[in-house]
Amino acid sequence: MKKVSQELDDQLLLYLDGQLNSAAREGFELALKQNDALRQRLAQLQEMETSMKKNIVEEPSKNFTQLVMQKLDHYQAPSSSFTMFNGILLLVGILLLTGIATVLVSSGVFDQATGTIDLNTIQLPKQYIQRSLPSISIDGKLVINVIILLNLGLGWVVFDRTILKPLFRRRMQMLR
Amino acid sequence: MTNDPDQVIIEQLLAGDRGVYSVLVNKYKSYAFTIAQKILQNKPEAEEAAQDAFIKAYHHLAGFNSEAKFSTWLYRIVFNTAISYRRKNRYQFQSIENTVIKYDQDADGNLEKVDKKKYLNQAMLKLSEADRTALTLFYLDEFSLEEIAEITGMQANTAKVRIHRARQRLADELKTILSEEALTL
């Protein structure tokens with residue numbers, strides 16, 4: 001028996017699902033009358049569909065519900081190392097670090113911490129670089145300020161997760 | 001005031017009446033077990049995964065968005081739980097060739113029906129896990145494509161194409177199995 005083309009096979013499923021418009025359906029039914037392989041494939045698909053619909057649902061054991069109800073109190077939430085205590089410790093650490101960095105920056109410790117990286121000093125194959133490369137200047141004070149800002153962002157996330165979210169969750173539960 | 005019976009039960013549960021959860025478990029246990037079974041291909045394991053999913057759902061009910069459909073949310077938990085069970089027990093994987101498919105004589109005395117189910121199971125085993133799950137949800141006939149996509153974490157279009165191709169593959173596999181069976185008779 002000749003194999004049905006992918007295009008016709010796709011149309012067969014649309015036909016089975018009733019997704020062809022009337023003109024397309026009539027045309028397809030005509031093709032079905034003239035094509036034995038197509039009719040056979042339709043029968044296969046129909047057989048599969050009927051079997052699947054009849055046999056798809058599987059039943060669990062009779063005491064399933066009873067077991068679930070018994071186990072309700074034995075639930076262990078997935079353990080996370082991010083406990084409230086750890087969160088508060090982390091938050092204190094972040095704030096301490098940010099405070100020290102801020103004091104150091106404001107007292108001018110990093111004012112002289114500047115430098116430049118001259119890219120021309122890096123030994124690279126000459127054939128790839130025809131022009132002279134720029135120098136990158138680094139401002140130590142700016143770098144520390146960026147680190148302080150990142151720390152503050154991180155501190156806010158930790159504060160939200162450790163204190164705000166649990167607090168609001170508890171309040172919502174009390175309101176219910 | 002909501003008319004959704006599931007939502008009424010959820011509100012009772014959140015108010016502290018935990019006994020009513022059995023109504024939800026009874027209502028959804030068959031589909032939940034079916035989804036877990038199609039992923040895990042092992043009845044005791046599927047039963048445990050489905051039970052676990054119900055327990056997880058119960059403990060996370062406070063976070064359930066009441067605008068959403070409870071069944072879709074629950075089946076997503078079942079799907080994820082079954083997948084994590086599968087990952088944990090991957091070393092216990094049995095190849096299709098070595099799988100013994102038991103006749104479930106108690107379930108139905110009709111041999112033809114048992115045979116059909118056996119061949120269908122064999123054909124389903126030849127498909128990928130993702131195809132099996134998508135097909136199961138499709139033939140459970142309760143979910144829209146969007147819901148299937150939400151449960152399985154796929155895009156709706158991907159789910160549509162996957163189901164379409166999987167139906168064709170399943171018919172092909174079933175045909176091959178039946179031809180081989182006919183040859184051995």
Report yes if A:Gln44 is surrounded by 15 or more Cβ atoms within 10 Å (Cβ to Cβ) and polar (S, T, N, Q), otherwise no. yes
Do we find a residue being at the interface with chain A (Cβ under 10 Å from one of its Cβ atoms), crowded, with 19+ Cβ neighbours inside 10 Å, closer than 21 Å to B:Phe70 by Cβ and among the β-branched types (Val, Ile, Thr) anywhere in segment B:135-146? yes
Within segment A:47-68, how many residues are among the small types (Gly, Ala, Ser) and not in a loop (DSSP other than H, G, I, E, B)? 1
Within segment B:21-92, considering only helices (runs of 4 or more DSSP H) that don't extend past its boundaries, which have at least 1 residues that are more than 12 Å from chain A (Cβ to nearest Cβ) and hydroxyl-bearing (Ser, Thr, Tyr)? B:70-88
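Coordinate-derived values only; no laboratory data. This is a predicted model, so every value here is computed, not measured. Every residue, glycine as well, gets a Cβ built from its backbone with ideal geometry; the counts of neighbours run over all protein chains shown.
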